[in-house]
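FYI, it's all coordinate maths here, none of it is from the lab. Every value quoted in this text rests on a predicted model; they were computed, and no experiment measured them. Positions of Cβ are generated from backbone atoms using ideal geometry, with glycine treated the same way; all protein chains shown enter the neighbour counts.
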Amino acid sequence: MRQAWGGHPELLIQWATSADSRKHTDSLEAPRHYLDVDDLPVSLADGLPIVWGLPHDLADSLTSTSKDGGLGSFGLLPWHIERVYNQLTWSMKSDSVDLNRVLRLAADLGHYLGDAHVPLHTSGNYDGQRTGQRGIHALWETHAMEWLLAPSRASSCPCTPLPSFDPRWTAWEILDESHAMVPMVLHAETELRRLHPEDGWGFRRRGRTLQLLPTPEALATWDSLTNHTTFPRFCKASHRIAAAWYAAWMDAGAPNLASPAGPTNHGFWAYLAEVVRALRLKFKVFNLRLKATSNLELQPYDDDTPETDFEHLHP
Ligand SMILES: [Zn+2]
């Protein structure tokens with residue numbers, strides 16, 4: 001499949017965060033990244049959220065009659081995963097395949113699947129704002145992931161057979177797993193504050209900026225308090241993304257999309273679009289760091305600053 005897609009993984013990496021960048025320009029984008037499972041109306045018969053596993057139209061009509069006013073207020077993540085999967089399949093079936101479009105859709109699908117594996121993308125208390133735990137979102141998906149993915153740790157996911165992927169049901173299965181982790185994650189953060197009341201945060205120099213981040217000691221405690229579940233969750237997300245791409249490609253008839261020229265990412269307008277995207281992302285990261293709340297996505301840890309550069313906030 002790698003060869004059939006043109007053998008250009010760098011574009012998948014480059015576009016992995018495009019879905020987040022679109023939140024700044026498309027008002028419909030934000031709800032596609034989460035589902036507030038605990039805020040959904042519950043069926044009186046079995047206590048499960050009334051929309052669980054339902055097609056989008058039916059789910060929307062059920063929630064539109066509730067006082068909260070439609071699916072958009074709870075999030076659209078599982079339905080959007082199914083939608084992008086179908087778009088990806090159709091894009092590969094097309095008579096004149098646009099490889100750039102295929103790779104963009106594959107990157108988006110990977111992004112939304114990654115979000116679905118993050119426990120706090122399944123809760124209305126997504127940044128601990130209801131329980132006095134602001135910043136927990138970035139702690140799980142940014143700070144802890146960066147610490148776990150640091151090159152010095154040389155962590156790698158186990159090689160396992162590709163899991164099965166169903167465009168409708170797998171998304172619900174993932175959300176079920178993620179939401180079950182929410183109480184444990186909230187409890188771990190409370191314990192982390194108790195164990196590191198003063199030495200949990202410190203300044204770290206990265207290039208020319210000084211960032212306020214959890215200390216490596218606090219992150220080690222956090223990993224222990226969360227029962228070392230974060231890295232396996234990352235691996236599970238990676239395997240499911242691979243499975244989704246493979247399933248979509250098979251559903252499209254396993255076409256060979258590679259052209260001798262490869263995907264086109266050159267030319268002035270493509271360059272300009274990427275510059276604007278990068279600036280937007282940089283601005284967003286800056287703002288989020290300032291607020292100490294974040295909706296950042298899984299990103300590889302790209303600096304391996306020695307831990308001696310870390311200055312504790314309360315030495
Ligand atoms: Zn996202």
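Centre-to-centre separation between the Cα atoms of the range 162-200 and those of the range 61-133: 18 Å.
Please arrange Asp39, Asp26, Asp127 by how many other C-beta atoms lie within 10 Å of their C-beta, fewest to most.
Values: Asp39 14, Asp26 11, Asp127 20.
Ordered from fewest to most neighbouring Cβ atoms within 10 Å, Asp39, Asp26, Asp127 come out as Asp26, Asp39, Asp127.
Each residue of the range 103-119 was assigned a 3J(HN,Hα) from its phi angle through the Karplus curve 6.51 cos²θ - 1.76 cosθ + 1.60 (θ = phi - 60°); the sequence is 5, 5, 5, 5, 5, 4, 4, x, 4, 5, 5, x, 4, 5, 7, 8, x Hz, with glycine and proline shown as x. Among the trypsin sites (Lys or Arg not before Pro) in the range 18-73, those placed in a DSSP loop whose Cβ has at most 15 other Cβ atoms within 10 Å are Lys67. Take the alpha carbon gyration tensor of the range 70-168, find the square roots of its eigenvalues, order them as a ≥ b ≥ c, and report rounded if a/c is under 1.5; if not, report prolate when a/b exceeds b/c, else oblate. Oblate, since a/c reaches 1.5 and b/c is not below a/b.
Which shape class applies to the range 190-255: rounded if a/c is under 1.5, otherwise prolate when a/b exceeds b/c and oblate if not, where a ≥ b ≥ c are the square roots of the Cα gyration tensor eigenvalues?
Values: a/c = 5.75, a/b = 2.16, b/c = 2.66.
Verdict is oblate for the range 190-255.
Using a/c under 1.5 as the rounded threshold, could you call the range 1-142 rounded, prolate or oblate? The axes a ≥ b ≥ c are square roots of the C-alpha gyration tensor eigenvalues, and prolate needs a/b larger than b/c, oblate otherwise. Intermediate values should be presented prior to the final figure.
Working: a/c = 2.51, a/b = 1.53, b/c = 1.64.
Here the range 1-142 falls in the oblate category.
The fewest-to-most ranking of Glu82, Glu217, Glu10 by surrounding Cβ atoms within 10 Å reads Glu10, Glu217, Glu82. The distance between label points at Leu210 and Ser96 comes to 5.7 nm (points 7 Å beyond Cα on the Cα→Cβ vector).
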